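Chemist: Got a structure for you, written out below as structure tokens; questions coming shortly.
The values are calculated or read from the model by the stated rules, or taken from the named source; none is laboratory data. Fair warning: this is a prediction, and the values are worked out from it, not measured in the lab. Reconstructed Cβ throughout: ideal geometry from the backbone, glycine too, with neighbour counts over all protein chains shown. Just the protein is used for accessible areas: all its heavy atoms, side chains included, with ligands, DNA and RNA removed. Shrake-Rupley method; radii C 1.70, N 1.55, O 1.52, S 1.80 Å.
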Amino acid sequence: MNLQVSHHLLLCVPHKTSSLCCDPTQSEESWEEIKLILKKLKLEDPNRPEGIVLRSKVDCLRVCKSGPILLIWPEGIWYKNVYPNRIETIIKSHIIEGKPQREWELKKTPLKSLSGKFN
Ligand code: FES
């Protein structure tokens, strides 16, 4: 199967033994909201012309502050403080309208440059 992928979302949901960028309960809530919104907006439909949106829950994105942290590829936009009530705005603006939410951006590391510095 040749799956077209438009974006990949990685959300930090820290394990209790890692360094913590946020309360793990809070990032679990953000994760549940991501699943809900992607489903609601039909972004996980394999027949979506722009491609499917993938999501992954990761233990740590090596930022360890201002979490929950959400990284969206391929643009390489790192969002800070991704609380559940920000998820729908980020997904609609970034993925559907192609306009990242600069207000909540922590860092940008496009695929060709993974050496960007944090603000
Ligand atoms: S614990 Fe979230 S980025 Fe490290």
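Chemist: Run the numbers on the chain and let me know its relative contact order in percent, using alpha-carbon pairs under 8 Å that are six or more apart. Mind showing how you got there, number by number?
Modeler: Details: 210 pairs, mean separation 34.8, N = 119.
Dividing the mean separation by the residue count of the chain yields 29 percent.
Chemist: Here's another thing I want to ask about it. Separation between the GLU103 and THR25 pseudo-spin-labels, each 7 Å from Cα along Cα→Cβ, expressed in nm?
Modeler: Label at GLU103, label at THR25, 2.7 nm between them.
Chemist: Now, a different point. Taking the alpha-carbon set of the stretch 5-108, what are its Rg and Dmax in Å?
Modeler: Just the Cα atoms of the stretch 5-108 yield Rg and Dmax of 12.8, 41 Å.
Chemist: Return the carbon/sulfur percentage of the accessible area of the chain, one whole number, probe 1.4 Å, all protein chains in place.
Modeler: On the way: 3440 of 6810 Å².
Carbon with sulfur: 51 percent of the solvent-accessible area.
Chemist: If the chain between LEU3 and GLU50 were fully stretched, how many nm would it gain, using 0.36 nm times the residue separation less the Cα-Cα distance? Kindly include the intermediate steps, with their values, before the conclusion.
Modeler: On the way: separation 47, 0.36 × 47 = 16.92 nm, distance 1.08 nm.
Contour length minus Cα-Cα distance gives 15.8 nm.
Chemist: For GLU97, tell me the accessible area in Å² from a 1.4 Å probe, rounded to the nearest 10.
Modeler: 110 Å²
Chemist: Further question: For ARG102, ARG86, ARG62, what's the largest-to-smallest order of accessible area, 1.4 Å probe?
Modeler: Reading off the accessible areas and sorting them downward yields ARG62, ARG102, ARG86.
Chemist: Just from its helices, what would the mean residue ellipticity at 222 nm be for the chain, if runs of 4 or more DSSP H residues each count -39500 (n - 2.57) and the sum is divided by every residue, rounded to the nearest 500 deg cm²/dmol? Kindly include the intermediate steps, with their values, before the conclusion.
Modeler: Working: 2 runs with 24 residues, N = 119.
Mean residue ellipticity at 222 nm (helix-derived): -6500 deg cm²/dmol.
Chemist: What angle, in degrees between 0 and 90 and rounded to the nearest 10, separates the Cα long axis of helix 24-40 from the longest principal axis of the Cα atoms of the chain?
Modeler: 10 degrees
Chemist: Ok, one more. At 0.36 nm per residue, and after removing the present C-alpha to C-alpha distance, how many nm does the segment from THR89 to ASP59 gain when stretched out fully?
Modeler: Working: separation 30, 0.36 × 30 = 10.80 nm, distance 2.37 nm.
Stretched fully, the THR89-ASP59 segment lengthens by 8.4 nm.
Chemist: Using r as the Cβ-Cβ distance of LYS39 and SER66, and R0 as 25 Å, what FRET efficiency do you calculate, to the nearest 0.05?
Modeler: On the way: r = 27 Å, r/R0 = 1.08.
Taking R0 as 25 Å, the efficiency between LYS39 and SER66 is 0.40.
Chemist: Just to confirm, what accessible area per residue do you get for the chain at 1.4 Å probe, in whole Å²?
Modeler: Values: 6810 Å² over 119 residues.
For the chain, the solvent-accessible area averages 57 Å² per residue.
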